[in-house]
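Encoded as structure tokens, the structure appears first; notes follow it.
The values are calculated or read from the model by the stated rules, or taken from the named source; none is laboratory data. Here the structure is a predicted model, which is why all the values come from computation and not from measurement. FYI the Cβ positions are ideal-geometry reconstructions off the backbone, even for glycines, and counts take in every protein chain you see. The accessibility values were calculated without ligands, DNA or RNA, using every heavy atom of the protein model including side chains. Shrake-Rupley method; radii C 1.70, N 1.55, O 1.52, S 1.80 Å.
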Amino acid sequence: MTKGLYTPGEFRDNCGFGLIAHCEGQASHHLLMTAIEALTCMTHRGGIAADGKTGDGCGLLFQMPDQFMRHAAQVACGQSLGELYAVGMLFLARDPDEQESARAAVEAVLRERNLACVGWRDVPIDPANLGPIAKANMPAFAQVFVEPTSQDQSAFDNELFMASRLIERALSGNPENYLCSLSRRVVSYKGLMMPVDLPSFYPDLGDEAMATAICVFHQRFSTNTLPRWPLAQPFRLLAHNGEINTIAGNRNWSKARGHLFQSDRLPEIEKILPLVNTTGSDSSSLDNMLEVMVAGGMDLFRAVRMLVPPAWQNVDDMDADLRAFYEYNSMHMEPWDGPAGIVLTDGRFACCLLDRNGLRPARWVRTTHGYITVASEVGTWSYKPEEVIAKGRVGPGELLAVDTETGQVLTAAEIDDQLKIRKPYKKWLREQTIRFEADMKDPFSDLRPLSEAGLDPYLKLFNLTREERESVIKPLAEMGQEAVGSMGDDTPMAVLSTQQRHIADFFRQQFAQVTNPPIDPLREAIVMSLETCLGVELNPFEETADHAERIILHSPVLSAPKMDRLKAFEHPGYGRVLIPLAFDPALGLKAAVEAVCQS
């Protein structure tokens, strides 16, 4: 591999991400070094600090290199690892006393989960090529070797997941402490170095015994969080290129739904609520949710398709059974909307998927080496044209996967064909779902006259200013068009405004506005929908007929006749409460919101 593949000044936006897998699952050191070469060739897709050497973050997630780890444990701990074992990769505080405290906390959690701590290993590093900024914030690096007290593989995986979440909490007092990975299947090596310096920083990566059949890699261009060692990707399952624009809603929904997540594999899941972090990056929160779903026993492909579904509501030619699968699951998990390009591995499967808009590039190529490479670009490593067997791209909403145990390369259609027949989704929806009429024949057939007080009370109630009436509502009423205005928005946020504002103004989605084109459900109807479900959400780990019970509205904005129909709706499975929009100012907004929650 040649040094100097990046030059300051060449950097552009858009993270670089990808994976390389041997389709037959043959582990080799060559595959790992090829992944590093591919990552280095995408250095231009990452960010770099003013010192010219500190990157926004890069790293690798790959299958557990069994031969290497067994030898490393023998050397570091003087013990041979058993048939089942796991390795934890940690960043620790630089202060020696803090390190000892962190190690003691990790060991305490392992004992609590009936896991045996075989010993610790200080990971060799060479910080010579780090930039000054990265070096100033560099943590210590350690690996912990863990064995189960029984040889039940599934139980071991469950305890490792619970331990990882509890270790996170135990180490949360010091931001330098971070658990990169704790698994029997995969291990993570990452940091704030440049990709070309990754193997020199971690000498482990140059060892011929460091062999893998899957490697996920990522080069970060930070948009919504400042670069830090723990935020380098990949995380424990995935690496993500893009932004999760719905992240505030996704995190809040995960808190609200936390009590619904019940699985025999995670009987003490209440100990690790909330299920996702709210202080890390959007990508790390998505990784948290996927990790919970997989650890709880959910099929990996179903979990991925629930979190990042393709467009399905307005795709007329979609298979009816497949549409039913997505509709059935849509009520119990909202989309984590991108733009998003994701690569992931659980140690067996290597997957790449794009969100339904497909705003991130992902191209794949299969070569005579037995490798399949998926990356932001083609030509990321030095294969020859005559070695190419097939190539293509992952399209919007598509999923590509490699099963290294069976040697299958699974396309989106093949995966969807498996998912749609898991349960009788279409039958359940037909029996349990109530659809309100999508379009009223005459939306003006039931117009009601204003009260004697006229229009003014309504304008006051909804806080419609003269400017909004003239600039927004008038063009809509006269021409049926959106008003054209300047790009700027100098309206203060509701919480900072001295003016009385409508309650809806206090709710604003937070998202990264760097690379995202404006989209809306009218111009982008093929990939967006305002369809809204009413009903009781149930445990997403289960799939029963009751999960299909819901009322489906074409839009959350209701006409007067539709609202009357909803208020008059009688069904034993649904209750209703009418909530007044106005409240007594003497009580205050907080008391009014609490009263709504209790009603």
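Some notes on this structure:
- The number of residues in the range 252-282 that are open to solvent by less than 20 Å² (accessible area, probe 1.4 Å) and either among the aromatic types (Phe, Trp, Tyr) or more than 27 Å from residue 323 (Cα to Cα) (or both) comes to 9.
- Filtering the range 373-401 to residues that are within 27 Å of residue 356 (Cβ to Cβ) and open to solvent by 40 Å² or more (accessible area, probe 1.4 Å) leaves 377, 378, 391, 393, 396, 398.
- Across the range 149-168, the number of residues qualifying as in a helix (DSSP H, G or I), touching a residue at least 60 places away in the same chain (Cβ under 8 Å) and not acidic (Asp, Glu) comes to 11.
- Lone qualifier among 69, 33, 138, 42 - being closer than 22 Å to residue 235 by Cβ and open to solvent by 10 Å² or more (accessible area, probe 1.4 Å): 138
- The condition (being over 20 Å from residue 187 (Cβ atoms), crowded, with 16+ Cβ neighbours inside 10 Å and not polar (S, T, N, Q)) is satisfied by just one residue among 115, 130: 130.
- The one condition in (1) small (Gly, Ala, Ser); (2) farther than 26 Å from residue 25 by Cα; (3) at pLDDT 90 or above; (4) open to solvent by 10 Å² or more (accessible area, probe 1.4 Å) that residue 222 fails to fulfil: (3)
- Members of the range 344-363 found to be part of a strand (DSSP E or B) and either touching a Gly at 6+ places or on another chain (Cβ under 6 Å) or surrounded by fewer than 19 Cβ atoms within 10 Å (Cβ to Cβ) (or both), listed by number: 354, 363
- Candidate set from the range 318-337 (those that are more than 25 Å from residue 409 (Cα to Cα) and either outside any helix (DSSP H, G or I) or among the basic types (Lys, Arg) (or both)); member that is nearest to the chain's Cα centre (by Cα): 336
- Sole residue being assigned to a helix (DSSP H, G or I), at pLDDT 95 or above and not polar (S, T, N, Q), chosen from 106, 146: 106
- For the range 402-440, the candidate set comprises residues that are more than 24 Å from residue 356 (Cα to Cα) and in a strand (DSSP E or B); within that set, the residue that is most open to solvent (accessible area, probe 1.4 Å) is 435.
- Of all residues in the range 382-403, those that are under 24 Å from residue 347 (Cα atoms) have Cβ atoms under 9 Å from Cβ atoms of residues that are among the charged types (D, E, K, R) and open to solvent by less than 40 Å² (accessible area, probe 1.4 Å), 6 or more apart or on another chain, in 397/355; 397/356; 399/305; 399/416.
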